[in-house]
1. For Cα pairs less than 8 Å apart in space and 6+ apart in sequence, what is the mean separation divided by the residue count of chain B, i.e. the relative contact order in percent?
2. To the nearest 10 square angstrom, what accessible area does B:E421 show with a 1.4 Å probe?
3. Provide the per residue accessible area, probe 1.4 Å, for chain B, rounded to a whole number of square angstrom.
4. Among C:44-53, B:312-321, A:244-253, B:36-45, what's the highest-first ranking by average C-beta atoms within 10 angstrom per residue?
5. Taking the range B:68-131, how much of its Cα-Cα pair set, in percent, is spaced more than 20 angstrom apart?
6. Taking a probe of 1.4 angstrom, what is the accessible area of C:E217 in Å², to the nearest 10?
7. Using 1/(1 + (r/R0)^6) with R0 = 30 angstrom and r between the beta carbons of C:E414 and C:M62, what's the FRET efficiency to the nearest 0.05?
8. Given the options B:A405, B:T72, C:A417, identify the residue whose Cα lies farthest towards the positive end of the charge dipole of the protein assembly as shown (+1 on Cβ of Lys, Arg; -1 on Cβ of Asp, Glu).
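The values are calculated or read from the model by the stated rules, or taken from the named source; none is laboratory data. Note that the structure is predicted; figures quoted are calculated from it, not measured. No Cβ is skipped: glycine too gets one built from the backbone with ideal geometry, and neighbour counts run over all protein chains shown. Ligands, DNA and RNA are excluded from the accessible area calculation, which covers all protein heavy atoms including side chains. Shrake-Rupley method; radii C 1.70, N 1.55, O 1.52, S 1.80 Å.
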Amino acid sequence: MINANATVLLEVRGLRATVAGVEILKGIDLTVRAGEAHAIMGPNGSGKSTFAKALAGHPAYEVTSGEVLLEGKDLFALSPEERARAGVFLGFQYPVEIPGVSNSGFLRLAYNTVQGARGRDELDPLEFDDFVREKMKLLDMDPGFLDRSVNDGFSGGEKKRNEILQMALLEPKLAILDETDSGLDIDALRVVANGVNRLLTPANAVVLVTHYQRLLNYIVPDYVHVMEGGRIIKTGGKELALELETRGYDWVLEEYKGKTGAEV
Amino acid sequence: MSLTTTHPYIEALLKGSRDLPQSPAGWLDARRAQALERANALTVPTTRDEEWRFTDITPLTRIHFQPAQSVTRLALSDIGCFIVPEATVRLVFVDGIFVPELSAVPDSPAGVQVSTLAEAAEARSALLEKHLARHVAFENNLFAALNTSYLRDGALVTTGKNQACAAPVHLLFVATQKETAAYPRCLVIAEPGAECTVIEDFVSLEDGAYFNNAVTEMVVGAGARVRHVRLQRESLNAFHIAHCAVTLDKDASYLSNTVTLGARISRYDLNVAQNGEGAEMRIDGLALISGRQLADTHTLMAHARPNGRSVQVHKTIVDGAAHAVFNGKVFVHEGAQLTDSSQESRNLLLSGRAHIDTKPQLEIFADDVKCSHGATVGQLDAEQLFYLRSRGLSDASARNLLTYAFGAEIIDRIPVRSLLERLERTVLEQTQAAEPETRS
Amino acid sequence: MSTVLENLVNQPYKHGFVTEIESDVAPKGLSEDTIRLISAKKNEPEWLLEFRLNAYRHWLTMAEPTWPNVRYPKIDFQNISYYSAPKPKKLKSMDEVDPELLRTFEKLGVPMNERAALAGVAVDVIFDSVSVATTYKQKLAEVGIIFCSISEAVREHPELVRKYLGSVVPTGDNFYAALNSAVFTDGSFCFIPKGVKCPMELSTYFRINTQDSGQFERTLIVAEEGASVSYLEGCTAPKFDTNQLHAAVVELVALDRADIKYSTVQNWYAGDEEGRGGIYNFVTKRGLCKGVNSKISWTQVETGSAITWKYPSCVLLGDNSIGEFYSVALTNHYQQADTGTKMIHIGKNTRSTIISKGISAGRSNNSYRGLVRIGPKAEGARNYSQCDSMLIGSKCGANTFPYIQVHNSTAKVEHEATTSKIGEDQLFYFQSRGIGNEEAVSMIINGFCKEVFQQLPMEFAVEATKLLGLKLEGSVG
């Protein structure tokens, strides 16, 4: 939903970042307003996941220049947990398995920490149990998940549902979903996408990092950005995704080279 | 027997053993005398001995520990916090001496017979003669020889053929006097098809230095099943040296959870011999130490017959300037085909001054076996930390949570609910208190 | 099925012949006089004699180690001849080399002369204890590389030898290293100056010929700043009934950013099916990564010797330095191997990798023994070890003894070990696809060892694969 007057949630200007000394992001500009859904597409190795992780503050990515503002505040001044509390949520491409930490305990701790930071009431274990079970219904999740260790032994689909469950609990302003569709069969994809759709409001926004158009059949983006060589080289509407699906990425690249004379 | 060559320290330790009253069983006196002779002939191990390479027991040899001369009067309320509600049978030893007033031995506990070794030496002498001091060899083992020299009392737990005792048996060893030595002794016999749970629990009401030198023997009959929980929460100035030997008959199973929290220097040797086909063992251990503690665990899983299974996970969490040692051997004898064994040594160093020596070993003399072992030493996983932080947890609480989870994996397998919960709290408190020095 | 496998691994030793060359042999026995004799025969400078005598005096105070998992009758060190050399003859070119000797090398398949040129290998040949021919010296000299026998190096480059000899393995390091330091007769010396990448693989062939002569080579390789070299060592020995002692010392020094790769294929005589005869191979090999970003890599394929006792090690002193150890050890009959490595992490961000593959057959005993030590100052050190064993038959043993000592909380050490066998179902699967047992076993074993063979230079990889094939070749029942 595009509303030019809506609040700017995320402002990315000239973002450059390196991993182990290699520059992966080479100047990214992006503006995300409340209520919008953005899709970032691009071939493997174009820097999509790096962008997502850099926004969440992954320690392996070093930001070398540029700035990122979350509701006007410098995002890079914040630690990963402060970003989470401020409303940034990263849905991991490969959610980490943490044997020994119970999922219910983890979810409650995360929920209460973020609630506390936002000056809201925390829930005791019993209240939380009721609350989380309601949320799980949204995602068609078995309550048995609560008794298991975080992502430990979960199937690919189960892990992704667990990510969206966390999104539902933490109510982020800006959700960045990194390849949330990978490894999902069509039924699971529908459940996960419906879950995300229900969480979207005029006050928040989502950035979908994806490889394939199929997720965008379920979560319809307002903007589609094509990323290559660490830059956004084209931006369009939802129809761009369909065009990419049929024509591939090469033509975008050619067009970009023609326009800028740049080597990508 | 010549006493002239005896190590002066050993001689000092043995001082009290000659004053022991005669046992009603002649064979017991004879076995004690053999042990005394061996103790006199052996020397105190040093770091030059391969088995003691990383564990320097010099601090132990600075004090001439003697058995307690008097019994400390304790009320049940003094040990209230150690009571395990699930256990209907409880034997309490204070500084090595059996205290009937603190113990609980119901007249007819279901399935299991529990008595002191002193009682049993009269009533069940033949059974004792067959097993007591037969499984932990003392010929070349100073501490086992010392313990056996002092053998006079202890605990006997027997479970009859095809009997099952659901409630655990709690053997509680309380230390109350400094500079004393205690020589706890246990014998557990599970007849064929029997099932029981035994908790050995070493606790302290005294902060000073004392010495516990324990020996436990377990005989698990065909198809029998023994769960063994061993909890070492001695004072932080104590010395704890213990041996446990387990013999498994055909299709027997032995499940052990060992938690090491206390003692300045502790050493635990667990030898499990699979002498019957198809026997299985599952050995879990956790050492959570800090300050200047040293915790050394040696285990031997010996497969002598085919189709045996063994699984071991040993974990250590080492903070401060503490030092953890693990030496685990899996031995597969010739002919023990189709043995399936796995062993893992997982270690977490929380401080720059902490250190670890780990040595998992495989010795295999049969070709059709599946054996593996693994060892890791490291810190908390960086990806897991980031994941937790990206969900709003602070760096410190993410670290605490992961450290706790590391230990909880072992604790959670303890088959006694109240103990499990109590230990979970202990581990939680310890891992929260430990503010890690290293930061990413 | 297991008898099939046992037959497979039984095959005669192909390098068992004695070369009839007149040797100059010192009388048996060891004393300060023996050492003075060796030193005098080689016209050594006074400092080297002192080096030897110091080592000897230290050795007298030491006891033979008992901790390795190997058993053998007591060695009578007075019943060994410590010096044996072909009658001295000045050699100006390859043509002057004894044709009998050249035929020996031909039988061994040593790439020399024209064949050496084709293979691109420079060979420093050690025949018993004296280097008799060095090829490609000229070509190497053009880029400043010194590659010669250690005796020659003592004469021509005494300052270099004196600077580095014993700097990695001190004379009193261990019982056999001390013995070697006292009586070493010859060996190879290699010096790669600053910034030079050695243009070819350097290779040495060791061979023990005279019965009852101990072989005590000394190898010293120094790579200066930014230099790199790949060095190959091959060993064979003829068949004798009495055991022969081989106690070599190899020292490697890598300065800043230098890179040394040392590869060995060891096929000393292993004794017969009854366990008679065979070489005692008690070797000390150690590399010092002295400079920052330096790297030392050991690769060994050990198929011979009655007893092997050997731990090629890396001392990672320089920050960011790298140590590697890749090993295949195959034991058969009554062979005993206790081999592995030591990775001593001292500098920051040092990294080490250990890949060890043990194959036991017959009544042999094969042990991996490894030490990974992370010192208190080795911030960010990493080690990964993988030790896999394979048993063929039910009379052999496979053991794994890793020692892990960590004194730094930022270090990360991972060790994994597995044991497996060649299963009947595997062989059947091959058979059902038309592959015979012999080939199937060879394929399975080569697959098992692949990670190590990949580390070997091409010529050696082929040789190693062939060698394992030979060892496993035989009548399929």
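1. Numbers: 1126 pairs, mean separation 42.1, N = 440.
Relative CO of chain B lands at 10 percent.
2. About 80 Å², ignoring ligands and nucleic acids.
3. Numbers: 15630 Å² over 440 residues.
Value returned for chain B: 36 Å² of accessible area per residue.
4. On the way: C:44-53: 15.9, B:312-321: 22.4, A:244-253: 14.0, B:36-45: 18.7.
Output ranking for C:44-53, B:312-321, A:244-253, B:36-45: B:312-321, B:36-45, C:44-53, A:244-253.
5. Numbers: 787 of 2016 pairs.
Tail of the P(r) past 20 Å holds 39 percent of the pairs.
6. Solvent-accessible area, nearest 10 Å²: 0 Å².
7. Values: r = 35 Å, r/R0 = 1.17.
Efficiency computed from Cβ-Cβ geometry: 0.30.
8. B:T72
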